[in-house]
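Reviewing the structure listed below.
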Amino acid sequence: MKAALLLYASITNPKDAAFHEWCTTIGITCPGAQVRTTPQSVAGRGVFSTKDLVAGEELIKIPYHAALTQGNGALNFPSLAKELLHLREQNAQQHQPSGSALRRIWNRIRRKQPPIAKETNAGENAQEYWKEELTSYALEAIEQDHPWSTWIEQWQRNDPMQTLVDQGTWTHDNPVYTNIYPNGIAESILTAVNDFQEMAPDIPDYKIGAAVGIRLELVDDYLFQYSNKVPTSASLFSLAVSRAVGLTERVTAIIPMHDMINHSAQSNVEMAYNEKDGVFGSFSLIASVDIPKDTELFLRYTDVTDDEGKWDDDKATWLLTQWGIPSSPTGNTAPVEEEHTASSREKSVVDA
């Protein structure tokens, strides 16, 4: 505890200090890392080494119960879990899960992690509804001032996709949608596509437009199925989807501290699952190379090359619209933080 107090005293940003205090309270240990808001970060805020690290050294340890999963959500909010199970059963009876064709595309780009045991309390077909249900549990945590809320309220994102969702101007029932281009597309959607293309001019605009459309269809399906039944938030849904990581084919999680680490094609940390650590296990973030003190830590969210090692504009399109990270055939992907706008509520470190 004394070491923790010294850590807080060394952090000058109140938001960063509050997050680290919360980590200690919930059981997350950071013997070699620290969140910092600083111009030294590629995105203004990131995770840095607090000492010289050698390859293979553990720098962050996260107990499984700290992660936001459907199973953990059900344990913390049993009444909401019953409502979500009822909605899941209704949706399964009426039609295929929302965006089923899109879901197959999504699962191919979803980040995968070392396998863990199946959650037994999430219910049948839980994985089909992870986006919607993790969003619901995040909203409930904020509403009930649950310990998770300290972390969730620090989720941010600042890119054209999140701005579009935050504004809500893509929906037909929004008056702003009436300001459309001749082809019938909302001006705000084309603005987002144009903004993305300015970030990544080597990606064709029609591919960016298709990816933006898929993301918006997921949001539309979520709002259609869950509005007026449980609390909903398009902004938080979009944020949760961008922060989530696939642990197995059946379990998706948003993992505190892990989700604060920025992206780079040249990552220097990776994640491991410690199955025998405690009742449910724990996650470890481990140095994959020697890392000097005060170096920013990076994960690689996904790869944008094909089997021959060439830049793949399809993969690059998803990297751009999913995390706001531009790339090009002549350069590496720019390191970008998976953080989001302060007005919003709402990364596979190792590719499968």
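The values are calculated or read from the model by the stated rules, or taken from the named source; none is laboratory data. Just so you know, these numbers come straight off a predicted model, no measurement behind them. These area figures cover heavy atoms from the full protein model, side chains too; ligands, DNA and RNA do not enter into them. Shrake-Rupley method; radii C 1.70, N 1.55, O 1.52, S 1.80 Å.
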- Message: Taking the condition of being modelled with pLDDT of 95 or more and among the acidic types (Asp, Glu), how many residues in segment 276-293 meet it?
- Response: 1
- Message: Condition first: modelled with pLDDT of 90 or more, farther than 13 Å from residue 236 by Cα and open to solvent by less than 20 Å² (accessible area, probe 1.4 Å). Now tell me which residues in segment 165-200 satisfy that.
- Response: 192, 193, 196, 200
- Scan 54, 42, 35 and give me the residue that is within 19 Å of the chain's Cα centre (by Cα) and open to solvent by 50 Å² or more (accessible area, probe 1.4 Å). 42
